[in-house]
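A quick write-up on the structure given underneath.
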Amino acid sequence: MPEQAMPAMSFPREGGCQCGGVRYAVTCEPTALYCCHCTNCQAQGGSAFAMSMLVPRDGFAFIKGEPKRFDFVADSGNGKIGWCCPDCGVRLMHDTEGRDSITVRAGTLDGAGELRPVGHIWTRSAQAWMKFDETDLIYEKAPEDGYTALKEKWAHQQASLAG
């Protein structure tokens with residue numbers, strides 16, 4: 001069966017935790033979507049990687065419930081602030097001080113099945129069985145270009161899907 005083309009994602013869009021206690025809105029176009037294979041994302045999500053969506057700070061808001069804050073240190077050594085549901089524990093987003101965007105856990109977005117990441121970061125800690133698409137951007141650690149190439153590829157992908 002041939003692969004069907006996916007539509008470009010439209011925004012605004014909402015998302016939330018598993019129990020529905022905390023909801024959020026992404027009110028503008030994200031700037032990138034990638035998979036993170038760092039050990040923190042693996043442990044936090046209990047999975048091989050996490051889908052991460054960069055969203056400008058002013059394009060994100062919690063709209064229901066009170067998320068719980070937790071502080072952690074990423075594989076990069078940077079301090080981060082995470083936000084999760086205090087009831088079901090699902091991580092919804094995290095923030096790195098000094099960045100112009102926040103990182104939404106894209107799997108918590110309504111309609112996440114429409115998403116197609118454009119790259120992978122922290123692949124040096126990826127599971128041994130993980131296979132990467134030859135068209136994806138691949139980084140052993142965090143991109144040294146400030147995520148520029150991931151942002152450009154995401155914009156190109158979204159423009160191509162839009163028509």
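Calculate how many DSSP beta bridges within the chain are antiparallel, expressed in % of all such bridges and rounded to the nearest 5. Provide the component values of the computation, followed by the final result.
Numbers: 32 of 36 bridges.
If I count the DSSP bridges inside the chain, around 90 percent turn out antiparallel.
Tell me the per residue accessible area of the chain using a 1.4 Å probe; a whole number in Å² is fine.
Numbers: 8670 Å² over 163 residues.
Using a 1.4 Å probe on heavy atoms only, each residue of the chain averages 53 Å².
Please list 20-26, 9-15, 30-36, 70-76 highest first by mean number of surrounding beta-carbon atoms within 10 Å per residue. Mind showing how you got there, number by number?
Working: 20-26: 19.6, 9-15: 16.1, 30-36: 24.4, 70-76: 13.3.
Put in order of decreasing packing, that is 30-36, 20-26, 9-15, 70-76.
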* Asked: Expressed as a rounded percentage, what relative contact order does the stretch 11-153 have, with Cα pairs under 8 Å and six or more residues apart?
  -> 27 percent
* Restraint check, LYS80/LYS153; LYS64/LYS141; LYS131/LYS153; LYS131/LYS151, Cα-Cα greater than 29 Å -> LYS64/LYS141
* Using the alpha carbon gyration tensor of the chain, what are the three equivalent-ellipsoid semi-axes (square root of 5 times each eigenvalue), largest first, in whole Å? -> 23, 20, 16
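May I ask you to derive the FRET efficiency for ALA112 and GLU144 from their Cβ-Cβ distance with R0 = 22 Å, giving the value to the nearest 0.05? Could the numbers behind the result be given before it?
Working: r = 28 Å, r/R0 = 1.29.
After rounding to 0.05, the efficiency reads 0.20.
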* Quick one: with all protein chains in place, what share of the accessible area of the chain is carbon or sulfur, to the nearest percent (1.4 Å probe)? -> 50 percent
* **Neighbourhood charge, 13 Å Cβ-Cβ cut-off, centred on GLY59 and excluding it, Lys, Arg +1 and Asp, Glu -1** => -2
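The values are calculated or read from the model by the stated rules, or taken from the named source; none is laboratory data. Here the structure is a predicted model, which means the values were calculated and not measured. FYI the Cβ positions are ideal-geometry reconstructions off the backbone, even for glycines, and counts take in every protein chain you see. These accessible areas exclude ligands, DNA and RNA; they are computed on the full protein's heavy atoms, side chains included. Shrake-Rupley method; radii C 1.70, N 1.55, O 1.52, S 1.80 Å.
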